[in-house]
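Asker: Before we start, here is the structure in question, set down as structure tokens.
The values are calculated or read from the model by the stated rules, or taken from the named source; none is laboratory data. Everything quoted here is computed from the prediction, not taken from an experiment. Neighbour counts are summed over all protein chains in view; Cβ atoms, including those assigned to glycine, are modelled from backbone coordinates with ideal geometry.
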Amino acid sequence: MVDVYKNCPEYENESYILRMVSKEDKKDLLKVYSDDKAVPFFNSDNCGGDDFHYTTENRMEQAIEYWLWEYNRQGFVRWAIVSKTTDEAIGTIELFHRDAADYFTNCGLLRLDIRSDYEISSEIIEILRLIIEPAYTLFGCDKIATKATIAATERIAALKDLGFKRSEEKLIGHNGTEYDSYFVLCRN
């Protein structure tokens, strides 16, 4: 079995490569995290108040350093999503195993942050197809959950196409805060 925290696998298809985020992604990812149209779709639930809206290279660099630190302490994995067409990082995927006293236990929690010009159902499907199947094994989970607010119509269409179902359950945060708008895909 692959230990994702010892050797982070890469995945690719005709359009995209998923690989471990690196400090060299700073300029590309700044375009993502400073994109005012994209930020509202990012999932900042349970992230201590961070809204993932970064407008300077320094702040983007700090975020990447934090993501790498979390990877090294086995908190989560953050992959860069690289477009083969433009050879630039157009977003990230974060994944981790979540154990909790709520419905979202034994769950691979997935955060998808992409530039607004990629917030298109067909692109989201192509990106998520790279990671969904391996996620169950990599993170030892029986379901994958990701957030999509009501305004994220393209994302919701993509998730439904991939078999995700809107959950009525609330994700309970560290401090008891209840979060909604999650879509879940259970392993067959």
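Asker: Suppose we keep only residues that are touching a residue at least 24 places away in the same chain (Cβ under 8 Å), part of a strand (DSSP E or B) and more than 14 Å from the chain's Cα centre (by Cα) within segment 143-188. Which one would you say is nearest to Gly108 (Cα to Cα)?
Answerer: Taking segment 143-188 and keeping what is touching a residue at least 24 places away in the same chain (Cβ under 8 Å), we get 143-152, 154-159, 161-162, 167, 169-174, 177, 179, 181-187.
From the residues that got through so far, the ones that are part of a strand (DSSP E or B) too are 143-147, 171-172, 179, 182-186.
When the remaining residues are screened for being more than 14 Å from the chain's Cα centre (by Cα), the result is 143, 171-172, 179, 185-186.
Details: Lys143: 6, Leu171: 13, Ile172: 15, Tyr179: 16, Leu185: 10, Cys186: 10 Å.
By that ranking, first place goes to Lys143.
Asker: Let me ask something else. Confirm whether Ala145 is of a type in the set (Gly, Ala, Ser) and either at pLDDT 95 or above or crowded, with 20+ Cβ neighbours inside 10 Å (or both). Walk me through it before giving the result.
Answerer: Numbers: of a type in the set (Gly, Ala, Ser): yes; either at pLDDT 95 or above or crowded, with 20+ Cβ neighbours inside 10 Å (or both): yes.
Criteria met by Ala145.
Asker: A follow-up question, please. Could you check segment 143-187 and list, in sequence order, the residues that are more than 22 Å from Cys47 (Cβ to Cβ) and among the polar types (S, T, N, Q)?
Answerer: The one that is more than 22 Å from Cys47 (Cβ to Cβ) and among the polar types (S, T, N, Q): Thr153.
Asker: Take the conditions surrounded by fewer than 20 Cβ atoms within 10 Å (Cβ to Cβ) and in a helix (DSSP H, G or I) and apply them to Glu14. Does it pass? Show your work before the answer.
Answerer: Details: surrounded by fewer than 20 Cβ atoms within 10 Å (Cβ to Cβ): yes; in a helix (DSSP H, G or I): no.
The answer is no for Glu14.
Asker: Output the qualifying pairs, or none if there are none: Cβ atoms under 6 angstrom, residues six or more apart or on different chains, first residue in segment 38-52 and closer than 16 Å to Phe76 by Cα, second residue modelled with pLDDT of 90 or more and basic (Lys, Arg).
Answerer: Matching pairs, first to second residue: Asn43/Arg111; Asn43/Lys147.
Asker: For Pro9, only one of the following conditions fails: (1) of a type outside the set (Gly, Ala, Ser); (2) part of a loop (DSSP other than H, G, I, E, B); (3) under 30 Å from Ile172 (Cβ atoms). What is its number?
Answerer: Every condition holds for Pro9 apart from (3).
Asker: Same structure, new question: Could you tell me which of the residues Asn43, Asn7 is more than 14 Å from the chain's Cα centre (by Cα) and closer than 28 Å to Phe104 by Cβ?
Answerer: Working: Asn43 fails: more than 14 Å from the chain's Cα centre (by Cα).
It is Asn7.
Asker: Please count how many residues of segment 118-142 are charged (D, E, K, R) and in a helix (DSSP H, G or I). Steps first, please.
Answerer: To start, the set of residues in segment 118-142 that are charged (D, E, K, R) comprises 119, 123, 126, 129, 133, 142.
Now restrict to residues that are in a helix (DSSP H, G or I): 123, 126, 133.
Matching residues across segment 118-142 total 3.
Asker: What residue, among those in segment 85-117 that are in a loop (DSSP other than H, G, I, E, B), more than 16 Å from Leu138 (Cβ to Cβ) and not acidic (Asp, Glu), is nearest to the chain's Cα centre (by Cα)?
Answerer: My answer is Arg115.
Asker: Right, here's the next one. Does segment 50-70 contain any residue that is more than 19 Å from Lys147 (Cβ to Cβ) and part of a strand (DSSP E or B)?
Answerer: Looking through segment 50-70, none of the residues is more than 19 Å from Lys147 (Cβ to Cβ) and part of a strand (DSSP E or B).
This table checks each residue for (1) modelled with pLDDT under 95; (2) out of contact with any Cys (no Cβ under 7 Å at 6 or more places or on another chain); (3) not charged (D, E, K, R).
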site	(1), (2), (3)
Asp25	no, yes, no
Ser34	no, yes, yes
Gly48	yes, yes, yes
His53	yes, yes, yes
Gln62	no, yes, yes
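Asker: Condition first: over 22 Å from Gly176 (Cβ atoms), of a type in the set (A, V, I, L, M, F, W, C) and surrounded by fewer than 21 Cβ atoms within 10 Å (Cβ to Cβ). Can you find one or more residues in segment 31-51 that meet it?
Answerer: Scanning segment 31-51 turns up at least one residue that is over 22 Å from Gly176 (Cβ atoms), of a type in the set (A, V, I, L, M, F, W, C) and surrounded by fewer than 21 Cβ atoms within 10 Å (Cβ to Cβ).
Asker: Checking Thr149 against (1) under 24 Å from Trp79 (Cβ atoms); (2) in contact with a strand residue (DSSP E or B) (Cβ under 7 Å, 6 or more places away or on another chain); (3) of a type outside the set (A, V, I, L, M), which test does it fail?
Answerer: (2)
Asker: Can you pull out the residues in segment 149-169 that are crowded, with 20+ Cβ neighbours inside 10 Å and touching a Leu at 6+ places or on another chain (Cβ under 6 Å)?
Answerer: Result: Phe164, single match.
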